[in-house]
Amino acid sequence: MKLSLCCISNTLHNQNIKFKMMRVTNFLKLPRDQAINILTDRIIQNFITLKKTIEYCENNKFHGYRITSDLLPVINHPSILIKFEDLPRQNDLSFVINECKQLINKSTLRFSSHPSEFISLTSLNKDIISNSIRDLQTHGFIFDLLGLPNNYMAPLNIHVRKDGDPESISRVVINNINKCPGNVKNRLVLENNDNKNGTWSVKKLITYIHTRTGIPITFDNLHHEMLPDNLNEQQAFEAAYCTWPVEPIFHYSEGINGSRKHADFATKLPISYMPVTWEVELKQKDLAIQKMYAMRN
DNA sequence: ACCAGTCAAGGAAGC
DNA sequence: GCTTCCTTGACTGGT
């Protein structure tokens with residue numbers, strides 16, 4: 001059983017090793033130079049936290065790590081728009097990023113990222129699409145900087161969020177995916193979703209998008225439970241599995257009382273019908289993973 | 001030192 | 001057609 005940590009280690013968090021944020025309103029309140037300096041300090045801190053979190057995963061024999069999308073707060077916001085290379089202290093940034101890169105280079109972990117829920121490749125509004133693609137590009141850029149594979153070994157996983165006619169929505173999605181640069185497109189994968197009466201089950205993603213593009217489909221057990229679309233768990237798992245040219249990264253979580261609110265800990269273990277790495281979306285994070293590894297024994 | 005309120009985003013759902 | 005909620009963890013500002 002291979003398990004992967006999502007973004008944050010609660011253990012490190014309790015030691016005050018945290019990812020730093022910055023809010024748009026706060027940034028805009030300050031003189032731009034001062035705001036950029038504060039932001040840069042926080043970004044450098046974030047790469048140090050990233051390094052410590054990866055080390056923690058290694059030391060605890062985890063099998064993967066989902067890199068947080070909050071490494072570079074607010075830089076892509078339409079009213080801020082800073083290019084990474086325009087940040088000050090480039091030497092300091094290069095230094096911490098290189099440390100992460102070296103660590104990743106000798107690591108056996110699978111790395112991934114799950115860009116924000118608010119990224120939309122389905123919108124008919126051009127600004128929303130260009131904002132979304134810019135955000136994805138930043139993810140691709142960071143993955144490149146960290147020396148991560150430019151392929152599905154290091155996937156960028158997003159949802160198709162809009163419900164409705166799968167034929168017309170899929171056409172919009174595919175068209176917009178094709179606008180993404182190679183370092184995004186080569187890594188982009190799509191995950192099943194679970195809105196009430198929702199559209200994007202594993203089956204629909206495969207039928208309307210995978211078969212036309214080859215884009216791999218991420219299986220999420222909880223989303224599948226909420227929207228099975230006439231496939232049982234094994235069928236959905238195997239159908240999604242077959243869409244990946246490399247070993248898949250799937251998502252495992254449990255809801256509280258049949259809801260989609262994530263539970264603290266697992267009560268059972270995911271069934272790997274075929275070998276996969278499971279990203280564990282449980283609130284107790286690394287503690288939940290450790291408990292799952294202990295349950296196996 | 002601590003706590004409650006706030007915040008970024010697009011879409012869904014409720015009225 | 002408008003408002004509220006969803007989600008997340010850290011920041012902010014008041015005490």
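FYI, it's all coordinate maths here, none of it is from the lab. All values reported here derive from a predicted model rather than from experimental measurement. All Cβ positions, glycine included, derive from the backbone under ideal geometry; neighbour counts span all protein chains shown.
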Least to most buried among A:ILE271, A:ILE97, A:ILE17, A:ILE209 (fewest other Cβ within 10 Å first): A:ILE271, A:ILE17, A:ILE97, A:ILE209
Selected from A:ASP165, A:ASP92, A:ASP194 as most flexible by GNM, with chain A as the system and alpha-carbon contacts under 10 Å: A:ASP165
5 angstrom amide H check on A:VAL189, placed H, neighbours 5+ away: A:LEU156, A:ASN157, A:ILE158
Segment A:206-288: radius of gyration over Cα atoms, expressed as a fraction of 2.2 N^0.38 Å: 1.12
HN-Hα J in Hz across segment A:158-175 - Karplus 6.51, -1.76, 1.60, θ = phi - 60°, x for Gly and Pro: 10, 9, 9, 8, 6, 9, x, 6, x, 5, 6, 5, 5, 5, 5, 4, 5, 4
Pairs of Cα atoms farther than 23 Å apart, segment A:1-97, %: 32
Residue order, fewest to most surrounding Cβ atoms within 10 angstrom, among A:THR211, A:THR218: A:THR211, A:THR218
Whole-number D in µm² s⁻¹ for segment A:26-156, Kirkwood Cα-pair radius fed into Stokes-Einstein, 4 °C, 1.567 mPa s: 82
Among A:GLU55, A:GLU254, A:GLU85, residue whose mean-square fluctuation peaks in a GNM of chain A (springs only between Cα atoms under 10 Å): A:GLU85
Segment A:243-272: trypsin sites (Lys or Arg not before Pro) in DSSP coil with no more than 12 other Cβ atoms inside 10 Å: A:LYS261, A:LYS268
Reciprocal of mean inverse Cα separation for segment A:164-215 (Kirkwood radius, Å): 11.5
Taking A:CYS242, A:CYS100 and counting other C-beta atoms within 10 Å, the order from fewest to most: A:CYS242, A:CYS100
Relative pair counts by distance (%), Cα atoms of chain A, 10 Å bins: 6, 27, 35, 24, 7, 0
5 angstrom amide H check on A:ASP220, placed H, neighbours 5+ away: A:ASN192, A:HIS251
Segment A:1-46: radius of gyration over Cα atoms, expressed as a fraction of 2.2 N^0.38 Å: 1.56
Segment A:ARG134-A:ILE256, extension gain: residue separation times 0.36 nm, minus the distance between their alpha carbons: 40.4 nm
Per-selection metrics, segment A:120-243 (Cα): Rg and Dmax in Å: 14.2, 42
Note, ³J(HN,Hα) from phi for segment A:239-254, Karplus 6.51, -1.76, 1.60, rounded to Hz, x at Gly and Pro: 5, 5, 3, 5, 7, 9, x, 10, 4, x, 10, 10, 10, 10, 7, 10
